[in-house]
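Here is the structure we will look at.
The values are calculated or read from the model by the stated rules, or taken from the named source; none is laboratory data. Since the model is a prediction, treat every value here as computed from it, not as a measurement. FYI the Cβ positions are ideal-geometry reconstructions off the backbone, even for glycines, and counts take in every protein chain you see. Ligands, DNA and RNA are stripped out before the accessible areas are found, and what is left, the full protein with its side chains, is counted by its heavy atoms. Shrake-Rupley method; radii C 1.70, N 1.55, O 1.52, S 1.80 Å.
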Amino acid sequence: MVLPASPDQRERIYLVGFMGCGKTRIGDLLADRLRRGFHDLDAAVQGKAGKTVRDVFEEDGEEAFRDLEHQCLAATAAWPGLVVATGGGLMAFERNRRLLDDLGTSVWLDVPFDVIVARMSEHGRRQRPLFDDEAEARRLYEKRRPTYAEADVRLRLTGEEPPEDAAARLAEVLRSEIPRERF
Ligand code: S3P
């Protein structure tokens, strides 16, 4: 009898994609579904810096933020089995992409930019320094797509499906398609 493959419990799963694509919400739901721990990299950066992402950008500069982000990504190597929501800029840096290749399975949540804009709350915008200028954010979205495309899995979303459905679909994809040699 052939049993269906299931995600290795030790394999880490990293959700990548543009700001506002649902990495945190869907990641949290996916972790519940797979009975895994959930870890949010922006929250880890904020914990390490002792201030908000916006304050790190404004007081210390983007480079300082990127260094912290890279360190927090590297730190996830200590915890097998995590589901990790990353920041939207993570894949833009080769050092992070290289690290991700060793750390686990990356999943791109691919949501149309117009849907992201339409559903981004005022609070969401205030939290995100790189979303202050919408035209600039759109350019960033287009520029980064090829880097997200390097993820192991691409999950195309309309952005209008309930996050529970997106998490269920993702769990299904992970169960069926991913080679299990990495964890
Ligand atoms: C960023 C995305 C943000 C956060 C920071 C920078 C980016 O995370 O890491 O504001 O460069 O796209 P979210 O994708 O969770 O909004």
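Things worth noting here:
- Counting DSSP beta bridges with both ends in the chain, the antiparallel % (nearest 5): 0
- With protein chains left intact and a 1.4 Å probe, residues in region 38-92 average 42 Å² of accessible area per residue.
- Cβ charges +1 (Lys, Arg) and -1 (Asp, Glu), total dipole of region 77-173, debye: 300
- Here the convex hull built on the C-alpha positions of region 55-147 has a volume of 117 cubic angstrom per residue.
- Rounded to the nearest 20 debye, dipole of the chain from Cβ charges on Lys, Arg, Asp, Glu: 440
- The angle between the Cα long axis of helix 94-103 and the longest principal axis of the Cα atoms of the chain comes to about 30 degrees, rounded to the nearest 10.
- Viscosity 1.567 mPa s, temperature 4 °C, Stokes-Einstein D of region 1-120 from Kirkwood C-alpha radius, µm²/s: 86
- Alpha-carbon centroids, region 77-109 and region 36-65: separation in whole Å: 16
- For region 1-72, the share of accessible area belonging to carbon and sulfur comes to 48 percent (1.4 Å probe, ligands and nucleic acids excluded).
- In the full protein context, region 104-165 carries 55 Å² of accessible surface per residue, based on a 1.4 Å probe and ignoring ligands, DNA and RNA.
- Take every Cα pair under 8 Å whose residues are at least 6 apart in sequence, average their separation, divide by the length of the chain, and the relative contact order is 37 percent.
- Computed from label points 7 Å out along Cα-Cβ, the spacing between Glu161 and Ser121 is 2.3 nm.
- Selection from Pro163, His123, Leu103 lying farthest towards where the dipole of the chain points positive, charges on Cβ: Leu103
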